[in-house]
Amino acid sequence: MNIENAELTLKTTGGTTFVINKLAGFRCRKERYTPYSALDATVIGGEGVSDVVEAKFSVGGKVLHRGIMDSLTVTKSGGRTVMRLSSRGFSSMLAQNELAPGLLAGLSLNSLMSEKMIVPNVTWQNSSQTVRYIYVNEHDSQWSAIVSLSLALNEDYPYIGAVNEVRLSPVNPKTVVPENIFEEGSSGDYSKMVSHYHMKDVNGSYSYNYTDGFAAARGIVRHKYIAYDRQFVGLSDYGLKYRLGFTERGCKSRFMTYIGYGGEELRDKVTFPDGSVCEISAVEICGNAKRGIFTKDICYFDKYCNK
């Protein structure tokens, strides 16, 4: 698949639309624990482009990214103009908007997304399943509330699927069987890992403690002491279990890179050359003039992925 199969559309504050089919290079990344897609692209040209309010990116006609502009630089040198841009999906604003602190009773994903805060161009998986309540701490974001809701409903971590869609569970997952594989491997990342969590109770004593032994088995000793967190009222042990599990995110992974793009999304499945099938935790679609378009599928093995 050559790079001409990629298309970038930019919209400006003045209503002008630029459609770019000739990109010098790009990288589009989606990741299980990141509430947005990220796009970096380089274009030869770009004269007259400014005040961009939206970037849309597609490969083979499939839209992979729509989002706000983080940065855009147009440089002229030696008679050539080069434009470089970075964009995050509209869903990134879920982590940048705070909800009013307090108790939210009878909450579902539908009510949280449609009544509490409306973020433009963000959709969500239809779910009216409710929890008794969640507590919103001061300065908690809407994404933090979505995480609390998902953990209370399914003991699972939410993610952004398709294009800016909040999901609590996979939607019609498919399995891809890549060809033209030129790289595969595995990795471990223990840099974020915490071994023990300790939390105060309402009386100020550290009576809530949790460890799962995973970090300690690897010679890692990192204790964290935190204040009483009303976000997990009545679920204090699970709240500590979640915090510890989150520090182990992506601690072990397996990856594979192949020529082309098979249309996969987060939580689809990929078949490795040895026949094993794993759920995709991160996907990177990249392109340049030399290699064309290529895709890296990464599968985590942690508390919420490929358990």
- Query: Does any residue of the range 121-139 turn out to be in contact with a Lys or Arg (Cβ under 6 Å, 6 or more places away or on another chain) and within 26 Å of residue 227 (Cβ to Cβ)?
  - Reply: yes
- Hits in the range 90-118 - residues which are out of contact with any strand residue (DSSP E or B) (no Cβ under 7 Å at 6 or more places or on another chain) and more than 27 Å from residue 70 (Cα to Cα): 106, 108, 110, 111, 115
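Hey, among 186, 195, 207, 141, which residue is free of Cβ contacts under 8 Å to residues at least 12 places away in the same chain and touching a strand residue (DSSP E or B) at 6+ places or on another chain (Cβ under 9 Å)?
After ruling out the rest, the residue left standing is 207.
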- Message: Of everything in the range 46-77, what is charged (D, E, K, R) and at pLDDT 95 or above? Give them in sequence order.
- Response: 54, 56, 62, 66, 70
- Go through (1) out of contact with any strand residue (DSSP E or B) (no Cβ under 6 Å at 6 or more places or on another chain); (2) of a type outside the set (Gly, Ala, Ser); (3) buried (at least 20 other Cβ atoms within 10 Å of the Cβ) one by one and return the number of the condition residue 256 breaks. (1)
- Considering only the range 126-199, give the strands (runs of 3 or more DSSP E) lying wholly within it that have at least 3 residues that are at pLDDT 95 or above, over 19 Å from the mean Cα position of the chain (by Cα) and closer than 18 Å to residue 279 by Cα. 181-188
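The values are calculated or read from the model by the stated rules, or taken from the named source; none is laboratory data. Not measured: the values here are computed from a predicted model. Because the Cβ atoms are built from the backbone with ideal geometry, glycine has one as well, and the counts that use them run over all protein chains shown.
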